[in-house]
Structures are given as C-alpha cells and as structure tokens.
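Report on one structure; see the data block that follows.
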Amino acid sequence: MSLNSLPVATLGTPRIGSKRELKFALESYWSGKTSQADLLQTAAELRAINWARQKARGVDIIPSNDFSLYDHVLDTSLMVGAIPAGYGEAADLDTYFAMARGAQTAQVCGHGHVHHHGLGVPAQEMTKWFDTNYHYLVPEFTSDQTFRLSAFKPLDEFLEAKSLGYHTRPVLVGPVTFLRLGKSPTADFNPLSLIDRLIPVYADILTRLCEAGADWVQIDEPVLALDHDAATAQALQTTYAALAEAVPDLKILVAGYFGGLDDNLDLALSLPIAGLHLDLIRAPEQLSAVLARAPAEWVLSLGVIDGRNIWRADLDSILDRLEPVVSRGHLQLAPSCSLLHVPIDLDLEDRLDLDVKSWLAFSLQKMEELKTLSNGLTRGRHTVHAELVAATSATEARKYSRKVHNDKVRTRLSAITPQASRRGSPVSDRAKVQRDRFRLPAFPTTTIGSFPQTAAVRQARSAYAKGDLTAAQYDTFLKAETERAIRWQEEIGLDVLVHGEFERNDMVQYFGEQLSGFAFTRHAWVQSYGSRCVRPPVLFGDVARAEPMTVAWWRYAQSLTDKPVKGMLTGPVTILNWSFVRDDLPRATVCRQIALAIRDEVASLEAAGARMIQIDEAALREGLPLRRRDWDSYLDWAVEAFRLTASGVTDATQIHTHMCYSEFNDILDAITAMDADVISIETSRSKMELLDAFAARSYPAEIGPGVYDIHAPRVPEVSEMVHLLALARQRLDDGQIWINPDCGLKTRGWAEVRPALVNMVAAAKKLRGRF
Ligand code: GLN
Ligand code: ZN
C-alpha cells in the first residue's frame, strides 16, 4: 500500500505552556506586576512555540485560534459581541477579564482599608465543557440579543501564524455549540432561536479568513455527541447551508468529538460541508458507517489517538484497522479531540517510575504517534519499524507488568458478595440507633472537613517536601494546627467536629499517594479553567491499601475532645473521576478496586473508635455520560462502589457524604440509593430550591443544606442563615436538618471563616430556641 499523503492534524493543543507560563503571566498581570504588553508577548511566544513544536513533529495541518488567554468559549462571546451589560463597552482585554473573573471597583479609604463597592459585576458562570474537567464561561443571551463581529482573534492569529511561515487551519467553536452552551435569564427562551442572527457574524469572520488566505477551517460542533435534538439539528442545517453559500471558497471541516455521531449520523452526513472529524476512540464502530455513506469527496479526519487520556497507543493495532480503509483517500489522522485535555510533554517527567513513563504519551508524544501512523500507512510499516517495535514493547510490557497486576486485588474483587454493599438495617432504623448514641441537639452543626490552607500550612508542606523541615518538625506543626482547630471548634460550640485536613495536599492526591496503582507527575498540568491547572494522578495499576491512611490524624484529633470528630475520606467515584484512569479495565472495575481500598479505611477508622465517617463524592455527578441512555449503567456502578465503601460498618456508625454541585433533580434516585445517613450539599446560592427534589422524593436520610457560600470571601449574617434555614424547613422535617457550610473551607482565610462559623452556630441556636 502506498499513498501520497495522509496528513496529520492536531485539532488543537494545550495553551498553558509546558511550565505553565501562561498561568504565571496571567496572574502577574492581574496582580498589576506586569503590563498588558508583557502578557500579550508571553501569549505570542507560547503560540509560536506551539506552532514550531507541531511543525517539528511533522504535523501537517496546524491549527490557529486554538490558543486562548482564558477560555475559547469566552473568546467566542467576545468575537460575536455577546457581552452582557456591566462588563464594558469595548470587546477588549478589560471586558474579557471582567467577564472571566468579575470586576470590583475597589477604593482605598482614609484609614487605608480597601472598600469594595456594590457596583462590581460577578464573573460569568462557569461550567464543565462536556464531560471534561475543563470549564468554560457560560455565554449569556437576552431574547433581544444582537450579534456583531467585535473581535478578530481568529483572523489575527491566522495572520500571526502566516507571518511566522505557518499556513494554519483556524479553529472556531461552532455557532450551534456556542448557542447551545449558553443561557438566558428568561427561562422559556431557547438560545438556539438566535441562530439566524449569529450566522452573519460567522459568515463575516470566515470571509475575512478566506480573504486572508485560509482554505480550510475547523468548526467544532461537539453537540453532535449529545442526544439528538430537533432544534439543534435544525440549527446545524440552517447554519452550514448558510455558511456554504456565504463563503463558498472556504472549506469547512466540522469536528464532532467526545463520542459517536450515533443518532446524529444522518444529520452530520447531510450537512453541506467539505469534511468531518470523527472520534474513533470513544466510538470506533462508527467508522464503517461513515466510510460507507459519506460523500466520496469529503475529507474524513480520523480521531484514532486518545485526546482524553495519556496512554501510549498500540500503533500496530491501529494500523491493522486503518490499512484496509486508506485507499479511500481524502483521509487525515488526528487525536480523538483537541489535545487541550492532556498534559504537554512526557519528557519533562524526570522522577516518574521508568516503566510507567514508558507506557505514557502526552500531547507532543501523541503528535509523534500520529506521524508514525501516517508514515506507516503511506510508506509502509517497514519504514517505521523501530517506532512500532518500541510502541508494541511498551504496550506489551504494560499488559504483563507486575506493577499493574495484583492477584490479591483481583481475587478479592471476584469474591465480593452483594451483601457487602448493604448496611445491616434500613436508614430509618439506623437513624434511631444513632440518635440514641449521639444525642445531638436539634439542627446539629458541623463543617465539611477542611479548614483554611493558610500560607503557613502550605509553606510547611513545601519545606517538608524540600527537606527543610524534618518529618518530626512537620508532624509537630500539623499537630499544633489540628489541636488549634479542635479547641476552636469546641469553643464556638460546633456539635460535630473535623480535624481540618491540614496534612492533605489535595483530596485525591493524598489518598493516591498512599495507595498502590497510582503515579504522580511533576509537570503534567492540564487546564481546568483560566489560569487554574490540575495535575491528575495517573491510575495505572490495581489499587490496594497497604495500611491505614487517615487513622492517625483522626485519632489524634479525637483524643483532644469528647465531641465526635468525623473520619474524613474521599470516595471511590471522585478518586476515579479526578484521575487519568487506565484503559485496560472497565472504569466500573477500577472504581470497585478503589472502593475496596477505601472500605478498608472505613473499617480501620471504625475499629479505632470513629463514630462518624464522611465519604466525599464531590465528583459523582460529573462522571455522568453525555448521552442519557448511558446514565443508568454509570449510576449503577458508581452508587454500588460508594455502598461498597460505606457498608462494612455497624448501624451505630454514622456515614456522611458530601457533594458540591447544584443539580440533583435528575439523579436523586441514585443519591438516595447511596444510602448514606447524612448528606451535605451546596445550596446557599440556590435559595434552598435544590431541596425541592429531596422533598418531592421524600429523601429518607438527614441533610445538611449549605448555608454559607464558601466561594465568596464574605461573612454571612446570622439573619441570612436563619432565613435560608427557614426555607429549608419548608421543605424538610426538622429532624432531618443539619447546619453546615456549602463545602470545605480550605480556600478561605481564618479572618472570614471564624466570624462566619460563629454566626452559623448562632443561627442554629436561634432555630433551637424557636422550634
Ligand atoms: N472534605 C473536603 C473538604 O472539606 C471536601 C471537599 C469537596 O467536596 N470538594 O475540603
Ligand atoms: Zn464540596
């Protein structure tokens, strides 16, 4: 088989820089230390590096406009002039960052205090980009919304690349995806109805790109991976018909990713476009249907390298699949989606276990994999023999490695009976036992777990990591922090205490570092939002716990007080969802392995005397699949994993769970099935309306609806919390209600936390006096 060309495309690359240069440039600009010109220069340098790196790795179709200073959806809002009132008139950088981060007009008064005035605007709402851990800023539209081409970023970056010698394929967020992700203050208005007003703006920018020399554009429409919806389908048809007419000389490749086209296949194939990108990692089976039915002249971009995970690909087997189809021609090779969601460069990992390292591929390595595939297909496998051998030996080594496989874990897992995920008695019976045991006052007060991770705490941790503090010194420091937290909680009259989590760097990493099967990187950052990056653990092998992970800290904290101190754990679903997970086992199985390890920790805590144990599942909801029909199977195994973790205890041990998100309505049956004794949730911003779902389904357990918004540096008044609790009382039985903040307090300062929790206890006392 020999073919002239099989171009490699990347669809998009990470923007933050391999040493997070963008993060630091942004933060220094925001703090006023550097100028706008400095920021823009760093951004231009990062783009130039990105283009050069792709070129050096043989990428043929290099994107432009995949860069963003903060978020590509926000870029689009600015480009089309969807700037809500209050953020600024011009589509400039100030407006951009005001939308991203909120703006407050600060004034320094005569006493040197900084006063914030009410005129400030909050940041736009932020939410997850499909099922990734990337967050975008939710566009806002009014029903009389108009659009106008207001910023020329795609054109500017196309020309910038051109001046550096790169002929790029600009990437735009598709107009339909853009509208569909947006929201409107008026509930009964569908943003998709604005499509006719939006199309001319896209036609305008595309025309300018065409005039500047672009021949292809990539338009991302990941809505194609969502359940078919008539309004979306209509909008896609209208859009691409209009764009084909308006800009006939520009070829449009529509990119669908994060799943298969599925029931959107007919729709996608009916669009008057020149090319289509397919995610063949999440939906390999769609290839044959598309090959059979797509117009012969269409370019098909085959997403064969995983853009959502970090495992080195089995190149030989990809070649096996592709060889029979390459004769079609008009094919391109690409990652399944933009490389935005993977870290940049594996070569920077100088402390990673060498075996584990040999199994991984980050963004730059994935480009090399694509190039190898392309060369193998066009010039023959023998021309890439060495690369294929290296890939195969790595994937084979991983398959059989003793670091990956632990027979004890497998054996134990297969012996688990359904009994193991059931508590001894129903929740109402357990509640009676627990009430007798704890004798808590009405409306008991507690917190979610962490107390402020102050500069001192962080400094001590890094000093210990660097060897500047001995283990004993660090331990003494943490004990002092913990003791102070316990004494203070007693003093202000909280009923159920926490140890404060001062020893934890992160709620997943802390556990991952103590479990087998996890590896941690030094530089494998992935953008979460704006300048925020995360470094997910690499879950590569069977998970087992060698010894107790949290008992010593719990025991120490409990030794200081007679009040119950909650044991504090991260749940299996959250650990799974916040890691890069091995792809050689079903996620459900990996989750059960984690569940067993955490179950052991629950048992150890109970044996040590813990009377209440909280298992946080902050990320349970975000693991929901994009398509509804897949929800039940996910929720089944996720709930089962939680129950497996929580069910090894006696009726008298109270299991708490905590979740911080705002949509429970559609998953309440699953939440109920988790069978916790107490759940704490984030409700303070929703005026307790979230509780309607719990009330409507007669949620049988106890609930702590958050009364303190921990996302703002603001101290809520007693009266506000009393008011929120009154709203909660309209929906729940008094005996069900706990009082707590929305979430952990690690990001706050003690100066706010102290008065806020004092007020919270006062609010509880007010309620107790009245009812
Ligand atoms: N126990 C954790 C804490 O308080 C929970 C955090 C979370 O759910 N995001 O920090
Ligand atoms: Zn939370």
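From the helices alone, meaning DSSP H stretches of at least four residues, give me the mean residue ellipticity at 222 nm for the chain, per-run term -39500 (n - 2.57), in deg cm²/dmol to the nearest 500. Walk me through the numbers on the way to the answer.
On the way: 27 runs with 318 residues, N = 771.
Result for the chain, helices only: -12500 deg cm²/dmol.
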**Prompt:** Under the definition of Cα pairs under 8 Å and six or more residues apart, what whole-number percent is the relative contact order of the stretch 359-476?
**Reply:** 11 percent
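May I ask you to sort Ile49, Ile205, Ile305 by Cβ crowding, counting other Cβ atoms within 10 Å and putting the fewest first? List each step's numbers first, then the result.
On the way: Ile49 14, Ile205 22, Ile305 29.
Going from sparsest to densest Cβ surroundings: Ile49, Ile205, Ile305.
Residues with beta-carbon under 11 Å from that of Arg437, excluding Arg437: net charge, scoring Lys, Arg +1 and Asp, Glu -1? Let's see the in-between values first.
Numbers: positive: Arg430, Lys432, Arg435, Arg439, Arg611; negative: Asp436, Asp651.
Value of the local net charge: +3.
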**Prompt:** Where the only charges are on Cβ atoms (+1 Lys, Arg; -1 Asp, Glu), what is the dipole of the stretch 573-681 about its Cα centre, to the nearest 20 debye?
**Reply:** 180 debye
**Item:** Prolate/oblate/rounded call for the stretch 381-457, Cα gyration tensor, a/c under 1.5 rounded
**Value:** oblate
**Request:** Rank the residues Thr417, Thr34, Thr570 as a footprinting-exposure proxy: fewest other Cβ atoms within 10 Å of their Cβ go first.
**Result:** Thr417, Thr34, Thr570
**Complete:** The size of the Cβ-based charge dipole (Lys, Arg +1; Asp, Glu -1) of the chain about the Cα centre, to the nearest 20 debye, is 1800 debye
**Asked** Helix 363-379 sits at what angle to the longest principal axis of the chain, using alpha carbons and giving 0 to 90 degrees rounded to 10?
**Response** 30 degrees
**Message:** Longer than 31 Å from Cα to Cα, which of Lys432/Lys563; Lys19/Lys466; Lys357/Lys566 are they? Say none if no pair is.
**Reply:** Lys357/Lys566
**Candidate lysines for bridging to Lys687, where Cα separation is under 27 Å - those fewer than 8 sequence places away on the same chain excluded** = Lys128, Lys183, Lys746, Lys765, Lys766
**Request:** Any chance you could give the angle, 0 to 90 degrees and rounded to 10, that helix 153-163 forms with the longest Cα principal axis of the chain?
**Result:** 50 degrees
**Request:** With an 8 Å cut-off on Cα pairs and a minimum separation of 6 or more residues, tell me the relative contact order of the stretch 598-697 in percent.
**Result:** 31 percent
**Request:** Read phi for every residue in the stretch 601-618 and hand back ³J(HN,Hα) as whole Hz from Karplus 6.51 cos²θ - 1.76 cosθ + 1.60, θ = phi - 60°, with x for Gly and Pro.
**Result:** 5, 4, 4, 5, 5, 4, 4, 6, x, 5, 9, 10, 9, 9, 10, 6, 10, 4
**Complete:** Relative contact order in percent for the chain (Cα pairs under 8 Å, 6+ apart) equals 11 percent
**Request:** Compare the Cα positions of Ala151, Gly517, Val73 along the charge dipole of the chain (+1 at Cβ of Lys, Arg; -1 at Cβ of Asp, Glu; about the Cα centre) and return the one farthest towards the positive end.
**Result:** Gly517
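Using only alpha carbon positions, build the gyration tensor of the stretch 251-404, then give the equivalent ellipsoid semi-axes as the square roots of 5 times its eigenvalues, largest first, whole angstrom.
Working: eigenvalues 175, 59, 35 Å².
Listed largest to smallest, the semi-axes of the stretch 251-404 are 30, 17, 13 Å.
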**Request:** Report the antiparallel proportion of the DSSP beta bridges in the chain as a percent, rounded to a multiple of 5.
**Result:** 25 percent
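May I ask you to order 403-411, 640-648 by the average number of other C-beta atoms within 10 Å around their residues, highest value first? Before the final figure, lay out the partial values.
Values: 403-411: 13.9, 640-648: 24.0.
Those peptides, ordered most packed to least, come out 640-648, 403-411.
Quick note: the coordinates plus some simple rules give every number you see, no bench work behind them. All figures in this text were calculated on a predicted structure; none of them were measured in a lab. Positions of Cβ are backbone-derived with ideal geometry, glycine not excepted, and every protein chain shown enters the neighbour counts.
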